[in-house]
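**Student:** Mind looking over this structure? Questions follow.
The values are calculated or read from the model by the stated rules, or taken from the named source; none is laboratory data. The structure presented is a predicted model; accordingly, all values stated were derived computationally and were not measured. Counting neighbours? That spans all protein chains shown, and the Cβs are built from the backbone with ideal geometry, glycine included. Surface areas here come from the heavy atoms of the whole protein model, side chains and all, with no ligands, DNA or RNA. Shrake-Rupley method; radii C 1.70, N 1.55, O 1.52, S 1.80 Å.
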Amino acid sequence: MAGPGMAGPFQGGAAQMAGPPQKKLDPDSIPSTTQVIEDDQAKRGGQVYTTNLRGQVPPLVTTDYTVQDQGNASPRFMRCTTYSFPCTADLAKQCQVPLATIIKPFATVPKNETPMYVVNHGETGPIRCNRCKAYMCPYMQFMDGGRRYQCGFCNCINEVPAFYFQHLDHMGRRVDFYERPELSLGSYEFAATLDYCKNNKPASPPAYIFMIDVSYANIKSGLVRLVCDELKTLLDNLPREDGAESSMVKVGFVTYNKILHFYNVKSALAQPQMMVVSDTAEMFVPLLDGFLVNFQESRAVINNLLDQIPDMFADTNESETVYAPVIQAGVEALKAAECSGKLFIFHSSIPTAEAPGKLKNRDDKKLINTEKEKTLFQPQKAVYEQLSKDCVSQGCSVDLFLFPSQYVDIATMGDVATQTGGSVFKYSNFQVERDGQHFLSDLRKDVEKAIGFDAIMRVRTSTGFRATDFFGAIHMNNTTDVEMAAVDCDKAVTVEFKHDDTLSEETGALMQCALLYTTISGQRRLRIHNLSLNCSAQLSELYKSCETDALINFFAKSAYRAMLNQPLKTVREILVNQAAHMLACYRKNCASPSAASQLILPDAMKVFPVYLNSLLKTGPLVGSAELSTDDRAHQRLSTTAMGVEDTQLLLYPRLVPLHNMDVASDVVPTPVRCSEERLTDAGMFLLENGCSLFLWLGQACPPELIQSVFNVPSLAHVPVDLVRTRSLPELDNPQSKKLRSIVDSLLDQRPSSMKLMIVKQKDRSEIMFRQHLVEDKGLHGGASYMDFLCYVHREIRQVLT
């Protein structure tokens with residue numbers, strides 16, 4: 001059962017289970033993720049979910065629903081591992097279910113849901129509790145005829161400011177309750193006053209700086225020309241406020257190899273001007289005026305520059321690059337302009353040129369499965385630690401687009417991006433015709449997405465518990481303030497809570513997430529999300545109110561952090577051990593008595609084992625010398641900022657049968673279980689996990705289906721170069737249209753674009769596809785779902801005895 005890479009707890013198979021000899025388990029009898037998803041969609045799909053009840057469990061992330069905010073934040077913004085907290089620390093310790101909330105403060109809201117209201121109290125700014133500084137929200141209790149209110153978080157009694165006074169009705173509710181978003185809604189914004197701005201000066205709109213590595217590799221691959229051509233049209237789509245004519249985001253341009261070139265693109269110039277900084281040790285920005293400009297005003301000069309760059313460096317043979325000085329230059333430019341912003345860095349290779357932040361190749365496969373394996377994922381400190389701090393304090397976010405042909409130390413290079421609320425995109429062995437479209441879709445999504453800058457977030461709680469740990473693309477200077485140079489619609493922060501006293505069933509557990517940030521047009525705002533949970537002295541309530549998808553998000557992030565400090569074997573053991581404890585506690589305290597040989601799982605957690613097993617088989621947690629260290633580091637960093645939807649799909653991909661799809665219907669066919677047993681020789685399947693997209697063709701796939709999708713007579717004729725360009729031909733027939741509309745709708749829903757790979761059954765490329773069939777044995781070690789379930793069952797019984 002255990003592959004060589006999965007030493008540790010995964011020894012021995014189901015045969016060693018205690019008790020009577022096992023009958024062969026039927027794969028259909030073990031809990032099915034696709035069934036759970038289908039059942040929830042059938043029960044709650046298409047419905048309106050109103051948030052007026054405390055401790056309500058929302059529909060699954062995979063279910064299609066509409067939210068009506070009636071006093072608690074929408075599950076699009078906040079999801080919890082359980083919606084009923086245990087009353088005491090002892091109970092929490094007994095069940096070992098982590099108490100956590102995954103917060104996605106800028107989550108995209110569908111068109112049919114109400115957009116966020118902005119409350120403006122003018123000069124006085126938002127109303128806050130004097131003691132704990134919580135913001136006015138539905139959990140404040142008005143009293144004394146409306147003259148005072150009691151804070152729901154710390155119970156302090158506050159005077160109501162004169163301008164805010166309002167009478168109460170016979171229920172003790174203010175008569176303006178429904179007119180004020182901050183009294184009746186779970187999520188809303190406040191316009192912030194100067195007290196909330198840096199140095200008490202109004203904020204400025206952010207700037208986007210495009211920094212292009214023009215070393216030999218990027219010129220030769222055609223990347224530099226591709227980026228320059230794309231920017232001419234892409235800059236028309238810079239993000240802007242709803243209803244605004246044009247974007248207020250300024251733009252600037254830098255090219256570099258081992259020296260940096262800055263460009264003056266002031267609208268008054270006939271030609272752009274280049275200024276070179278070759279002393280990378282003392283980085284400065286050689287021009288103030290004309291570096292950051294409005295694209296509309298400087299369009300002619302900028303287009304001129306973008307035409308010139310590819311030719312200017314066409315004959316370069318400089319292959320060395322710098323990296324840290326490039327980020328430093330970006331920070332200095334934003335500092336000089338007194339604004340926040342984002343650096344888009346297009347980089348090819350490990351920075352080996354003599355300069356601050358120079359890196360050496362430290363990839364060492366001999367460390368795999370040893371105590372020292374963790375060092376491969378620890379970023380190299382040196383300059384980078386200070387650089388991240390400088391970025392965060394300036395509100396400078398870094399998005400890194402990497403085009404490596406060998407090891408680049410993503411653990412270090414990507415760390416600055418992750419600390420600053422940015423993203424890392426990676427295109428190995430980049431070829432324009434094969435990967436160009438994939439990269440451009442990522443770049444477009446990245447430049448156009450909704451985003452806030454220079455953000456600081458605090459999570460306040462009612463008495464009895466508090467936020468103790470935070471996971472995300474964030475920076476923490478102290479234990480309470482979550483700092484993000486930028487936060488966009490796809491970034492989520494996972495927050496863990498611990499008891500510091502007893503919680504009461506009567507008042508429940510309240511939390512308020514407050515995010516102070518600068519909008520895309522340079523306004524300072526506070527975005528508030530409130531959520532109220534139940535508390536119970538009965539563990540059965542906690543288990544009833546659990547959410548598996550949120551739990552696995554928490555486990556993934558905490559395991560990926562733990563692997564920086566502990567051997568992978570230990571991390572895997574801790575994961576399995578905690579899961580066994582959670583399930584054993586349910587068995588002992590909540591389930592009706594039954595034979596010990598029976599595996600009993602709480603309904604809300606019945607597919608938790610399949611997700612946990614899938615997590616144990618992910619690249620970062622599998623010690624295998626066959627996997628690239630950079631790929632593992634990249635997945636580790638990307639997962640840190642994921643929301644519940646993204647980790648759910650990553651750990652249980654969708655496998656969609658296409659050979660019998662109803663071309664007349666708009667619906668995507670129902671996915672099947674993620675296992676080889678579900679594939680058929682005559683089938684065609686689409687598999688997606690949010691990062692990869694595969695079209696699998698069975699050996700006996702009907703020629704007429706192949707003809708209508710690929711325009712060739714049979715499977716053998718499906719050209720290999722199609723596998724290279726990664727796109728489907730646009731044919732005028734129902735099958736082709738339906739398939740392309742399914743692919744397009746999937747790409748639309750996901751944060752990053754996915755490259756379509758076409759895989760034929762029994763082809764060598766099939767191995768890439770198979771590692772995503774998470775119910776089967778792992779390619780690099782790791783149990784099948786069935787074996788893992790038996791193993792967890794054994795562990796549970798051990799805990800119980």
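**Student:** Answer yes or no: is there a residue in the range 292-302 that is part of a loop (DSSP other than H, G, I, E, B), hydrophobic (A, V, I, L, M, F, W, C) and at pLDDT below 95.
**Tutor:** Pass one, the range 292-302, residues part of a loop (DSSP other than H, G, I, E, B): 292.
Subsequent filtering for residues that are hydrophobic (A, V, I, L, M, F, W, C) retains 292.
Those still in the list that are at pLDDT below 95 too: none.
No, the range 292-302 has no match at all.
**Student:** Moving on to the next point. Listed residues Gln94, Gln70, Gln56; which is over 25 Å from the mean Cα position of the chain (by Cα) and closer than 24 Å to Leu515 by Cβ? Give the derivation first.
**Tutor:** Numbers: Gln94 fails: closer than 24 Å to Leu515 by Cβ; Gln56 fails: over 25 Å from the mean Cα position of the chain (by Cα).
Every option except Gln70 fails the conditions.
**Student:** Look through the range 250-277, keep the residues that are under 16 Å from Met211 (Cβ atoms) and assigned to a loop (DSSP other than H, G, I, E, B), and return whichever of them is farthest from the chain's Cα centre (by Cα).
**Tutor:** The residue in question is Pro272.
**Student:** If you go through the range 108-152, how many residues are in a strand (DSSP E or B), open to solvent by 40 Å² or more (accessible area, probe 1.4 Å) and either β-branched (Val, Ile, Thr) or modelled with pLDDT under 95 (or both)?
**Tutor:** First, pick out the residues of the range 108-152 that are in a strand (DSSP E or B): 118-119, 128, 135, 141-143, 148-150.
Checking which are open to solvent by 40 Å² or more (accessible area, probe 1.4 Å) leaves us with 118, 128, 141, 143, 148, 150.
With the extra rule that they be either β-branched (Val, Ile, Thr) or modelled with pLDDT under 95 (or both), the set shrinks to 118.
Total meeting the criteria: 1.
**Student:** When you go through Val285, Val251, Val227, Val277 one by one, which is the residue that is aliphatic (A, V, I, L, M), without any contact (Cβ under 8 Å) to a residue 60 or more places away in the chain and closer than 16 Å to Leu305 by Cβ?
**Tutor:** On the way: Val285 fails: closer than 16 Å to Leu305 by Cβ; Val227 fails: without any contact (Cβ under 8 Å) to a residue 60 or more places away in the chain; Val277 fails: closer than 16 Å to Leu305 by Cβ.
Of Val285, Val251, Val227, Val277, the one residue that is aliphatic (A, V, I, L, M), without any contact (Cβ under 8 Å) to a residue 60 or more places away in the chain and closer than 16 Å to Leu305 by Cβ is Val251.
**Student:** Of the numbered conditions (1) at negative phi; (2) in contact with a strand residue (DSSP E or B) (Cβ under 7 Å, 6 or more places away or on another chain), Ser184 satisfies every one except a single condition; which is it?
**Tutor:** (2)
**Student:** Just wondering, is there one or more residues in the range 60-69 that are open to solvent by less than 20 Å² (accessible area, probe 1.4 Å), of a type in the set (Val, Ile, Thr) and not in a strand (DSSP E or B)?
**Tutor:** Looking for residues that are open to solvent by less than 20 Å² (accessible area, probe 1.4 Å), of a type in the set (Val, Ile, Thr) and not in a strand (DSSP E or B), one finds at least one in the range 60-69, hence yes.
**Student:** Between Asn530, Asn565, which is modelled with pLDDT of 95 or more and either over 30 Å from Pro126 (Cα atoms) or in the same structural domain as Ser397 (by the TED database) (or both)?
**Tutor:** Asn565
**Student:** Kindly list, by first and then second residue, each pair from a residue in the range 327-351 that is within 22 Å of Phe403 (Cβ to Cβ) to a residue that is open to solvent by 10 Å² or more (accessible area, probe 1.4 Å) and of a type in the set (A, V, I, L, M), limited to pairs with Cβ atoms under 8 Å and residues at least 6 apart or on different chains.
**Tutor:** Short answer, once both residue conditions are applied: Gln328/Met283; Ala329/Met283; Ala329/Val285; Lys342/Ile451; Ser348/Ala217; Ser349/Ala217.
**Student:** Return the residues of the range 199-239 that are under 30 Å from the mean Cα position of the chain (by Cα), of a type in the set (S, T, N, Q) and either outside the structural domain of Gln308 (by the TED database) or open to solvent by 10 Å² or more (accessible area, probe 1.4 Å) (or both); say none if nothing qualifies.
**Tutor:** The answer is Ser204, Ser221, Thr233, Asn237.
**Student:** Right, another one. May I ask you to list the residues in the range 172-183 that are open to solvent by less than 20 Å² (accessible area, probe 1.4 Å) and either hydroxyl-bearing (Ser, Thr, Tyr) or over 32 Å from the mean Cα position of the chain (by Cα) (or both)?
**Tutor:** Result: Arg174, Asp176.
**Student:** Let me ask something else. Might you let me know whether the range 357-380 holds any residue that is within 15 Å of Val322 (Cα to Cα), hydrophobic (A, V, I, L, M, F, W, C) and open to solvent by 10 Å² or more (accessible area, probe 1.4 Å)? Outline the logic, then answer.
**Tutor:** To start, the set of residues in the range 357-380 that are within 15 Å of Val322 (Cα to Cα) comprises 357-361.
From what is left, the residues that are hydrophobic (A, V, I, L, M, F, W, C) are 359.
Pick out the ones that are also open to solvent by 10 Å² or more (accessible area, probe 1.4 Å) and you get none.
Looking for residues that are within 15 Å of Val322 (Cα to Cα), hydrophobic (A, V, I, L, M, F, W, C) and open to solvent by 10 Å² or more (accessible area, probe 1.4 Å), one finds none in the range 357-380, hence no.
**Student:** Condition first: among the charged types (D, E, K, R), in contact (Cβ under 8 Å) with a residue 40 or more places away in the chain, out of contact with any Phe, Trp or Tyr (no Cβ under 9 Å at 6 or more places or on another chain) and at negative phi. Can you find one or more residues in the range 582-600 that meet it? Can you show your working first?
**Tutor:** Initially, the range 582-600 is screened for residues among the charged types (D, E, K, R), giving 587-588.
Restricting the remaining residues to those that are in contact (Cβ under 8 Å) with a residue 40 or more places away in the chain gives 587-588.
Okay, now just the ones that are also out of contact with any Phe, Trp or Tyr (no Cβ under 9 Å at 6 or more places or on another chain), so 587-588.
Subsequent filtering for residues that are at negative phi retains 587-588.
Yes, the range 582-600 contains at least one residue that is among the charged types (D, E, K, R), in contact (Cβ under 8 Å) with a residue 40 or more places away in the chain, out of contact with any Phe, Trp or Tyr (no Cβ under 9 Å at 6 or more places or on another chain) and at negative phi.
**Student:** Moving to a separate point now. Out of the residues in the range 153-171 meeting the condition of being outside any helix (DSSP H, G or I) and under 16 Å from Pro126 (Cβ atoms), tell me which one is most open to solvent (accessible area, probe 1.4 Å). So that I can check it myself, show each step before the final result.
**Tutor:** Initial filter on the range 153-171 (outside any helix (DSSP H, G or I)): 153-161, 165-171.
If we keep only those that are under 16 Å from Pro126 (Cβ atoms) as well, we get 153, 158-161.
Numbers: Phe153: 4, Asn158: 2, Glu159: 129, Val160: 19, Pro161: 45 Å².
The extreme case among them is Glu159.
**Student:** Continuing with this model, one more query. Condition first: surrounded by 14 or more Cβ atoms within 10 Å (Cβ to Cβ) and of a type outside the set (A, V, I, L, M). Now tell me which residues in the range 256-276 satisfy that.
**Tutor:** Tyr256, Asn257, Lys258, His261, Phe262, Tyr263, Asn264, Lys266, Ser267, Pro272, Gln273
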